[in-house]
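Peer 1: Below is a structure I'd like to ask you about.
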Amino acid sequence: MIPVLEHWNSDALLAMPFDQYQRYRLSAEAIFLLKQAAGAHDQRWRILDVGGFFPPRNGVMPLQAFFPDDETLVVDTAEYVGAGYQQADGTKLPFDDQVFDIVLSCDTLEHIPLPGRNSFLAELRRVASRAVFLAAPHNLTNVATAEAMLRAYLSQLQMHNPMLDEHVEYGLPQAALVEAWLAAEQLDYLAFESGYLAHWQLLMVLKHLLFRQNQRDAMHANFDALYNQRFYTYDQRGPGYRKIYLIATNGQLDSSLHALVERSLQPTPTDPASDLLSIVLPVLTSTAYDTVLFQQALTAQLEQFKHDQQAQSQQLAQVQQQLALQASSFEQIHDLERRLLDASVLAAQLEAEKRGVQAQLEYLHWQHSLVQQQLNRSLPQRITDRLRQLWRKFR
């Protein structure tokens with residue numbers, strides 16, 4: 001029987017992203033069965049998670065959240081300082097042989113360049129005394145196609161997922177190559193699929209739609225909690241998105257671990273809800289595409305409006321400049337008119353003053369003529385005239 005611990009259904013764990021919850025709960029189920037087979041329920045195991053760094057939620061990373069009663073350590077290449085974390089390269093782990101009971105690696109192998117993958121697997125095995133839990137998307141049936149469709153969908157939303165880009169750059173792991181390495185190392189292992197592919201693809205579409213919404217953190221938490229609580233067990237089957245390898249590094253795996261494989265091989269039941277979700281997927285994709293086209297049209301209209309508004313602003317500025325020039329010209333004309341009027345008034349004043357001066361000159365000339373006439377008369381005549389005046393006065 002595969003256990004269901006109450007802790008796994010806590011609100012904090014159920015709020016994890018669905019694909020993260022899926023792989024860490026599956027690892028917790030496997031380690032519970034390993035402890036049960038070893039009679040070590042009460043033992044505190046040392047568990048290493050290689051490549052499992054995620055920004056801590058409430059100060060706790062996924063490994064610590066699922067294994068609070070064990071001694072846990074996460075190593076990754078990210079620069080981070082915090083409890084339970086150490087920066088290290090998975091292909092050159094800085095630990096002695098078999099210092100950890102269990103070594104996990106969840107969705108990391110596909111981000112290792114192909115030449116380093118065997119070294120990566122060898123390091124996981126070297127530091128694990130009991131078992132390695134290896135989970136990663138592999139090049140299974142339709143997985144590459146599902147990822148290609150998701151990338152195309154994201155491009156329509158003008159989004160991209162750098163993790164999916166690395167899947168293309170490095171290539172998805174080949175199950176045949178992993179199993180060839182396991183056979184060469186003569187290791188006992190179990191292999192099974194997880195993450196029902198049709199649901200993984202649909203949920204990834206919905207999750208990226210939520211990234212475009214306001215208050216998306218709360219919406220993501222509610223969305224993931226609903227899936228994790230109701231669909232986790234249902235989706236532990238093929239065709240899956242990822243392949244799981246549970247590898248014994250010392251001896252053989254207990255038969256109780258085969259329950260994980262048997263669950264994954266159960267036939268997919270006819271489920272109306274699941275069928276409906278499969279129908280909804282292309283509709284959502286098409287709707288999202290139409291939404292993007294509508295947004296692009298609105299953006300183009302807004303850009304055209306801005307361009308037209310800028311052109312109108314430039315035209316208005318030119319008109320204002322011309323009006324300013326015309327106003328300046330009118331002011332200059334008015335100034336000239338005022339000056340001409342002032343000049344006309346001054347000219348009239350000068351003309352009047354000229355006529356006054358001429359009259360005065362004419363009067364002075366007349367006076368001068370009289371004086372000159374008197375001066376020109378002889379002295380005897382002036383005396384005779386004077387005597388005549390006196391005679392007439394005293395007569």
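All of the numbers you see were taken from the coordinates with simple rules; none came from a lab. Values in this document were obtained by computation on a predicted structure and should not be read as measured data. Here the Cβ is made from the backbone with ideal geometry for all residues, glycine too, and neighbour counts use every protein chain on show.
Peer 1: Could you please rank D49, D42, placing first whichever residue has the fewest other Cβ atoms within 10 Å of its Cβ?
Peer 2: On the way: D49 29, D42 7.
Ranking D49, D42 by Cβ neighbours within 10 Å, fewest first, gives D42, D49.
Peer 1: Could I ask something else about it? Considering amide H positions built from the backbone, and no H for Pro or chain starts, which residues 5 or more places from D49, or on another chain, come under 5 Å of its amide H?
Peer 2: Here the answer is L73, V74, V75, L104, since their amide H atoms fall under 5 Å of that of D49.
Peer 1: Which number gives the lysine pairs in the chain that have C-alpha atoms under 29 Å apart and are eight or more places apart or on different chains? Numbers along the way, then the final one.
Peer 2: On the way: K35/K92; K35/K243; K92/K243; K207/K243.
Lysine pair count for the chain: 4.
Peer 1: Considering amide H positions built from the backbone, and no H for Pro or chain starts, which residues 5 or more places from D89, or on another chain, come under 5 Å of its amide H?
Peer 2: The list, which skips near neighbours in sequence, is empty: none.
Peer 1: Let me ask something else about it. Provide W45, W391 in ascending order of the number of other Cβ atoms located within 10 Å of each residue's Cβ, fewest first.
Peer 2: Values: W45 19, W391 9.
Result, fewest neighbours first: W391, W45.
Peer 1: Helix 18-38 against the longest principal axis of the chain: what's the angle in degrees, Cα atoms only, rounded to the nearest 10?
Peer 2: Helix 18-38 sits at roughly 30 degrees to that axis.
Peer 1: Also, quick follow-up: Could you state the angle between the C-alpha long axis of helix 379-394 and the longest principal axis of the C-alpha atoms of the chain, as a value from 0 to 90 degrees rounded to the nearest 10?
Peer 2: Taking Cα atoms only, the helix is inclined about 80 degrees.
Peer 1: Can you pull the Rg over Rh of the chain, Cα-only, Kirkwood?
Peer 2: Taking Rg over the Kirkwood Rh, I get 1.82.
Peer 1: Please turn the phi angles of the stretch 250-262 into ³J(HN,Hα) values with the Karplus equation 6.51 cos²θ - 1.76 cosθ + 1.60 (θ = phi - 60°), one per residue in order, whole Hz, x for glycine and proline.
Peer 2: 8, x, 10, 7, 5, 4, 4, 5, 5, 4, 5, 5, 4
Peer 1: Here's a follow-up. Debye sum, Cα scatterers, the stretch 149-263, no solvent: what log₁₀ I/I(0) at q = 0.12, 0.16, 0.17 1/Å?
Peer 2: Log10 I(q)/I(0), no solvent term: -0.61, -0.94, -1.01.
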